[in-house]
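Reviewing the structure listed below.
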Amino acid sequence: MKATFKVQVTIDNRNVTTKLGTAEGMEDMEITLMQNVLKVMANVNRSVKQQVERFYADASEETEEAPAEEETTEMAEEKTEE
């Protein structure tokens, strides 16, 4: 058996696409093995999407927390002025 796969993962902001190619083809590859390889490739796509979503979730939490800290500082300053 011989198989060569080319995998391309493209990340564009939150969009993740995975392309799988066999430019050089496959020789004598069992169907069950091919199915399992395709499952692994699907898991790669899912895993990359999860990482991208975590990145954007963490980034949005950081930007949401910053103004909240400023508000509490301003509120504390107002209280001391009274």
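Each reported figure results from applying straightforward, stated rules to the coordinates on display, with no laboratory input. Please read these numbers as outputs of a predicted model, since none were measured by experiment. Note: ideal-geometry Cβ built from the backbone for every residue, glycine included; neighbour counts use all protein chains shown.
Given a Förster radius of 25 Å and the C-beta distance between ASN43 and ALA3 as r, what FRET efficiency does 1/(1 + (r/R0)^6) yield to the nearest 0.05? Please list the in-between numbers first.
Working: r = 18 Å, r/R0 = 0.72.
Computed FRET efficiency for ASN43 and ALA3: 0.90.
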Calculate one ³J(HN,Hα) per residue across region 43-49 by plugging θ = phi - 60° into the Karplus curve 6.51 cos²θ - 1.76 cosθ + 1.60, and present them in order as whole Hz with x for glycine and proline.
5, 4, 4, 5, 5, 5, 4
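Between ALA59 and LYS19, take the C-beta separation as r, use R0 = 30 Å, and let me know the FRET efficiency to the nearest 0.05. Provide the component values of the computation, followed by the final result.
Numbers: r = 27 Å, r/R0 = 0.89.
Calculated transfer efficiency: 0.65.
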If you take every residue apart from MET26 with its C-beta less than 13 Å away from the C-beta of MET26, what net charge results, scoring Lys and Arg +1 and Asp and Glu -1?
-2
